[in-house]
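Report on the structure given below.
The values are calculated or read from the model by the stated rules, or taken from the named source; none is laboratory data. The model shown is predicted, which means the values in this text are computed figures rather than measured ones. Here the Cβ positions follow ideal geometry from the backbone for every residue, glycine too, while neighbour counts run over all protein chains shown.
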Amino acid sequence: MDKFLWIYFGVQALILLVLLIVARFKDRRYRNESDTDDVPNGYERTSEVSIDPRTGQKVRVYYNPRTGERFYKAE
């Protein structure tokens, strides 16, 4: 019975670790999706400006009304 508990909790910990690693790589906030600072076609400038908490840079938001996607460009 004791061996079963160690295996059970070990498997649970392994699953949690795998999920955390996958979430880290799939999180879009840490990815730069564009190789250039040019705003893609179809995006409109909004009045929304924020400060990126990781870099401290001012970021302008652009919005694509057709798809609902947002594009963030450092100013």
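Any chance you could count how many residues in the range 56-70 are of a type outside the set (Val, Ile, Thr) and surrounded by 10 or more Cβ atoms within 10 Å (Cβ to Cβ)? Write out each step before concluding.
Of the residues in the range 56-70, the ones of a type outside the set (Val, Ile, Thr) are 56-58, 60, 62-66, 68-70.
Among the residues that remain, those that are also surrounded by 10 or more Cβ atoms within 10 Å (Cβ to Cβ) are: 57-58, 60, 62-64, 69-70.
Of the residues in that region, 8 qualify.
Could you list all residues from the range 40-53 that are touching a residue at least 12 places away in the same chain (Cβ under 8 Å) and either in a strand (DSSP E or B) or at negative phi (or both)? First the steps, then the outcome.
Just the residues of the range 40-53 that are touching a residue at least 12 places away in the same chain (Cβ under 8 Å), to begin with: 40, 42-46, 48-49, 52.
If the condition is that a residue be touching a residue at least 12 places away in the same chain (Cβ under 8 Å) and either in a strand (DSSP E or B) or at negative phi (or both), then Pro40, Tyr43, Glu44, Arg45, Thr46, Glu48, Val49, Asp52 are the ones that fit.
Looking only at the range 17-39, filter to residues that are assigned to a helix (DSSP H, G or I) and modelled with pLDDT of 85 or more; which one of those is nearest to the chain's Cα centre (by Cα)? Write out each step before concluding.
Of the residues in the range 17-39, the ones assigned to a helix (DSSP H, G or I) are 17-26, 28-30.
Filter once more, so that each one left must be modelled with pLDDT of 85 or more: 17-23.
Details: Leu17: 18, Val18: 17, Leu19: 15, Leu20: 13, Ile21: 13, Val22: 12, Ala23: 9 Å.
Within the range 17-39, the match that is nearest to the chain's Cα centre (by Cα) is Ala23.
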